[in-house]
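These notes concern the structure reproduced below.
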Amino acid sequence: MTHSRIQIESAGESARAGRERSSHSLFARAFRPFFLAAGLYAPLAVAAWLGVWLGSLPAPGWLAPASWHAHEMLFGVVAAAIAGFLLTAAPVWTGRPALRGAPLAALVALFAAGRLAMLAAGTLPKALVAALDLAFLPCVAAVLARTVWRSGQRQNYGVVALVGVLALANAGVHAQALGVTADSASRALRFTADAVVLLIVVIGGRITPPFTTNALLRTGVTVSAASPPWLDRLAVSATALFAAVDLFAPRTAASGAFATVAGLAVAARMTGWQTLRTGRDPLVWSLHAGMAWVALGLGLVAAGDLGGFVPATAGLHALTAGAMGSMILAVMTRVSLGHTGRPLVLPRGAAAAYALVHAGAIARVGAALAPEETQRAWLVVGGLLWAAAFALFAALYARILLRPRVDGKEG
């Protein structure tokens, strides 16, 4: 009788523990809520922008509608993905405790408050909108700084600094909205895009080669995906210099020259990454495709800045809709599997999200190059395809992000 009672009590405790793990899974690690937020907010923000652009929705009373659109894609969708990845990866890199539980939930609430404030911009006081939106990135930078502090890994300090730079750029955008400056928003938004591209070059160069090597080893192919360290440094430094020049001398021969060097360095670095061997593994080739968009986007920027025969929006959207959109999906789909203890096998139907985001980016870049009478159709189709990619991610990965790890571990 006593033994049976112990078994029953033990089973009850296990069930309660299981329910508790399930109820708190969303805040077990940062990738869970922030990747889900990126997947949900991307189609919402694109739909809102299309509604404003087509005249179906009123324009927000905050700067120009195009500035609102750019801000929410960069400081909404992209910032969520960056926070989810870095706040998950930094503890792995350093061996320090990860942000989770109530502190993580508070940070997510802060992000959500910023998005609600931006959606209500024009009805709320501009100072309140700025305060709510500006609070998020400094908090992310502070958490990252605490994580990497005294880790002995100096290469990670640059990532913290870059998040801090993004926070300052966001302040530059709001400065114009508040009337403090006359024309800082457009330059700050463009610099933000360049800084995110730099982050992609840094992080993509750190994760893509080892992921590729390991994936090929699992198929019996014993080759190393790597590039010479000097070429890695050249790609990073050239991209950083391009971002700096593009801030102070945009659309000039100088910015075009640095974009050329950066694009060629990024492309050259990929020649050692065994890209052509990854075609059967979408979790791997998607990372390569995202980096290819970086090289293409920098090339289009260079062509526009040097020759003027390529519209500026072509290069811009190759770097944003193309590089950022595809790389974010590539990272979120992989990290969400690995950090929940699941096999690195893409869920059924998820490859369509890759196809949709690339098709949407191609249509958006093509709109800048298409005849004027067809641009409207290209823009609408591109936006809908791109938004559908993230909506599909959210639909397929919500159950993964909301449930406990399948191997019973924390995270």
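The values are calculated or read from the model by the stated rules, or taken from the named source; none is laboratory data. The structure displayed is predicted, hence computed values, not measured ones. As a convention, Cβ positions derive from the backbone with ideal geometry for all residues, glycine included, and neighbour counts pool all protein chains shown.
If only one of Thr260, Thr271, Thr275 is of a type in the set (S, T, N, Q), closer than 14 Å to Gly204 by Cβ and surrounded by fewer than 23 Cβ atoms within 10 Å (Cβ to Cβ), which one is it?
Step by step, each of Thr260, Thr271, Thr275 is checked, and only Thr275 is of a type in the set (S, T, N, Q), closer than 14 Å to Gly204 by Cβ and surrounded by fewer than 23 Cβ atoms within 10 Å (Cβ to Cβ).
Tell me which of these Ala215 doesn't satisfy, since it passes every other one: (1) within 24 Å of the chain's Cα centre (by Cα); (2) in a helix (DSSP H, G or I); (3) modelled with pLDDT of 95 or more.
The number of the failed condition is (3).
Cβ-Cβ distance below 7 Å, separation of 6 or more or different chains: which pairs start in the range 242-264 with a residue that is assigned by TED's automatic domain parsing to the domain that holds Ala312 and at positive phi and end on one that is surrounded by 17 or more Cβ atoms within 10 Å (Cβ to Cβ) and not aromatic (Phe, Trp, Tyr)?
Arg251/Asp305
Determine if the range 17-32 includes at least one residue that is surrounded by 18 or more Cβ atoms within 10 Å (Cβ to Cβ), under 22 Å from Leu198 (Cβ atoms), modelled with pLDDT of 95 or more and not β-branched (Val, Ile, Thr).
Yes.
For the range 55-127, give me every one of the helices (runs of 4 or more DSSP H) that falls completely inside it and has 2 or more residues that are modelled with pLDDT under 95 and under 18 Å from Phe31 (Cα atoms).
Where helices (runs of 4 or more DSSP H) fall fully within the range 55-127 and carry at least 2 residues being modelled with pLDDT under 95 and under 18 Å from Phe31 (Cα atoms), they are 79-94.
Identify all residues within the range 90-117 that are among the small types (Gly, Ala, Ser) and touching a residue at least 12 places away in the same chain (Cβ under 8 Å); write none if there are none.
Ala90, Gly95, Ala98, Gly101, Ala102, Ala105, Ala112, Ala113, Gly114, Ala117
Taking the range 128-182 only, how many residues are modelled with pLDDT under 95, of a type outside the set (A, V, I, L, M), assigned to a helix (DSSP H, G or I) and out of contact with any Lys or Arg (no Cβ under 6 Å at 6 or more places or on another chain)?
6
Condition first: out of contact with any Leu (no Cβ under 8 Å at 6 or more places or on another chain), surrounded by fewer than 17 Cβ atoms within 10 Å (Cβ to Cβ) and either within 14 Å of Leu298 (Cα to Cα) or among the aliphatic types (A, V, I, L, M) (or both). Now tell me which residues in the range 214-236 satisfy that.
Scanning the range 214-236 gives Leu217, Val221, Ala226.
Out of all the residues in the range 349-366, which are crowded, with 19+ Cβ neighbours inside 10 Å and not hydrophobic (A, V, I, L, M, F, W, C)?
Tyr354, His358, Gly360, Arg364
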